[in-house]
Every structure is written in structure tokens, then in C-alpha cells.
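Single-structure report; data block below.
The values are calculated or read from the model by the stated rules, or taken from the named source; none is laboratory data. Worth saying up front: this structure is predicted, and the values here are computed from it rather than measured. Neighbour counts run over all protein chains shown; Cβ positions are idealised from the backbone, glycine included. Calculation scope for accessible area: heavy atoms of the full protein, side chains included, ligands and nucleic acids excluded. Shrake-Rupley method; radii C 1.70, N 1.55, O 1.52, S 1.80 Å.
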Amino acid sequence: MKLSLVISTSDAAFDALAFKGDLKKGMELARKIGYQAVEIAVRDPSTVDWNEVRNMSEELELPICAFGTGQAYLAEGLSLTHPDEKIRKKALRRVESHAKVATMFGAVVIIGLIRGRRERRSRQEVEDIFIDSMKYLLKITTDVKFVIEPLNRYETDFINTVDEALQLLGKINSERVGILADTFHMNIEEVDISESLKKAGEKLYHFHVADSNRWAPGFGHIDFEGIFRTLKEIRYNGYVSVECLPLPGGMEKAAQFSYEKLNRLMSS
Ligand code: LER
Ligand code: MN
């Protein structure tokens, strides 16, 4: 397991992101604290000079392990299941552009909010569209991995639990699609976080951590000791990426506290 910190480009549209607007500062701070990678949430990859980011990543010896796509949904309403085919196609092109950049960095592409909501349609109808969209993305890309992130009910009504994600993975049937579990969402939706992680098993490709209140791990009531015991048990060896609010004490302190707590748990 390796520790990563979620950072963002300047056009971030939601708050649970570190260092809005200053990728470089974010990367330098992550490196200084000891993180082994960063994760970047970006609305539109065409707004960023990726060669420059690659240079920074090489200079700092700090890989980029994942790309978040949800801002394209929040700021522009793009979704992979949108009822309007034109918007859906725009969303597919956008995620394709995330995938291109992810390929350049060997990172995974996150399918969180970008999958959309049911919008009063039946689960089956939305599922079918989603599966078609994912299969299309797999067809037009090579190598790059996609991770489906179950989100809590207040953010979407489509895929809230690890079980639901696993069922869809069975239908998509590709090694290039796995699960991103996020302790903040799991605390709301899962019956038992550790049991769900065990169920995800080898399909767990990426992991987000924040405490129950989305503060840094250790400042809410999630049992991270138990979670890390389970991660070791299932031999999870991917990234553990901190995605918390800048609390307590601002982003630098939150990032530092998170690192200390998680590093202790990983090495104990
Ligand atoms: C993104 O990883 C996430 O967890 C969402 O809550 C963002 O809306
Ligand atoms: Mn998350």
C-alpha cells in the first residue's frame, strides 16, 4: 500500500479537494509530508499543460495515481448515463480525454459522479446505458483502468454500495474495470465496511479515505484500525488516497495529520 493525496486544478467545483488552484504547491506539499503519489481531480484535461505536470511529477519523484472526473458532472452536467444522447456523447469524449492523460501517467480514471443519476428512470434502463458507455470507453482505450466509486445516497441514486458496483462489474466483465471504495461513503451506505472490502477483494483497485465527518482520518468515528487490518488481510497493495475536507486546521494540517495516522496504521 502507498499513500496519496487528492489535489486539484483551479477549476475545482467541489470542496473535498486539497489545494484548489495550485497543483504545484499541492504536489510540493504532498512530497514534503511524505506522500508517495497524488491524485488529481480535473474538470477538463484540455485546460492543463500535462507536459508541465509530467515534468513536475518527475522532478518531485511523485507519481500521479488517479484522475477524478466528477467536476465535469458538477460544473457542466456531463454524465455517462445522461438521457440526452448528445450530452452523453460529450461526456464520453471528456472521459476519453481523462483516459488519455491517465495513460500518460499510468493512473486510473475514476468513474464517480460522472456516471450520473437515475433521473426518475428505472434502474435497469440506467444500468444498460451505463454498461454500454463503459464498454465503449473500454473499446476506444487500451491499458488504462477505470474504477467505479460507490457514492452515498445524497450525491447519487445510482450505485451506492460495493455490492451494486460488483454486480455491474460482473456485467461489464473486464479486468480493466475495478472498484474505488471511499470510507466516507461506505460509512453511510455499507452494513459493515470491512465485510464490504473483503467482498470487493481483488476488484478493489483504489481506495479513498476520510473520516465519518469527512475530516482527516482520526477526527471522526470510523474504525481505521479495523479497516487497515482488513486491507492487509485481503492483500490490498494499491493506493490509499486521502480525500478529506481541510479539517482540522486547514489543508496542510489535515494532510499532515492524515499522513501520520495512515502511515502508522500501514506500518503496524
Ligand atoms: C469523489 O471521489 C467523491 O468521493 C465524491 O464525494 C465527490 O462528490
Ligand atoms: Mn471519493
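Of everything listed in (1) in contact with a strand residue (DSSP E or B) (Cβ under 8 Å, 6 or more places away or on another chain); (2) not in a helix (DSSP H, G or I), the single unmet condition for ILE222 is (1).
So if I check each of ALA37, ALA72, ALA18, which one is modelled with pLDDT under 90, closer than 28 Å to ARG93 by Cα, small (Gly, Ala, Ser) and open to solvent by less than 10 Å² (accessible area, probe 1.4 Å)? Sole residue among the options that is modelled with pLDDT under 90, closer than 28 Å to ARG93 by Cα, small (Gly, Ala, Ser) and open to solvent by less than 10 Å² (accessible area, probe 1.4 Å): ALA18. Helices (runs of 4 or more DSSP H) fully within segment 55-148 that include at least 1 residues being within 16 Å of ligand 2 (Cβ to nearest atom): 71-76, 85-105.
Filtering segment 241-252 to residues that are over 23 Å from VAL147 (Cα atoms), open to solvent by 40 Å² or more (accessible area, probe 1.4 Å) and touching a residue at least 24 places away in the same chain (Cβ under 8 Å) leaves PRO246, LEU247, GLU252.
Of everything in segment 75-97 that's more than 16 Å from ligand 1 (Cβ to nearest atom) and without any contact (Cβ under 8 Å) to a residue 12 or more places away in the chain, which residue is surrounded by the most Cβ atoms within 10 Å (Cβ to Cβ)? Step by step, filter segment 75-97, then rank; the result is ILE87. Exactly one residue among ASP44, ASP49 is farther than 15 Å from ILE148 by Cα, in contact with a helix residue (DSSP H, G or I) (Cβ under 9 Å, 6 or more places away or on another chain) and more than 16 Å from ligand 2 (Cβ to nearest atom), and that residue is ASP44.
Does segment 201-213 contain any residue that is open to solvent by less than 60 Å² (accessible area, probe 1.4 Å), farther than 30 Å from SER174 by Cα and assigned to a helix (DSSP H, G or I)? Scanning segment 201-213, I find no residue that is open to solvent by less than 60 Å² (accessible area, probe 1.4 Å), farther than 30 Å from SER174 by Cα and assigned to a helix (DSSP H, G or I), so the answer is no.
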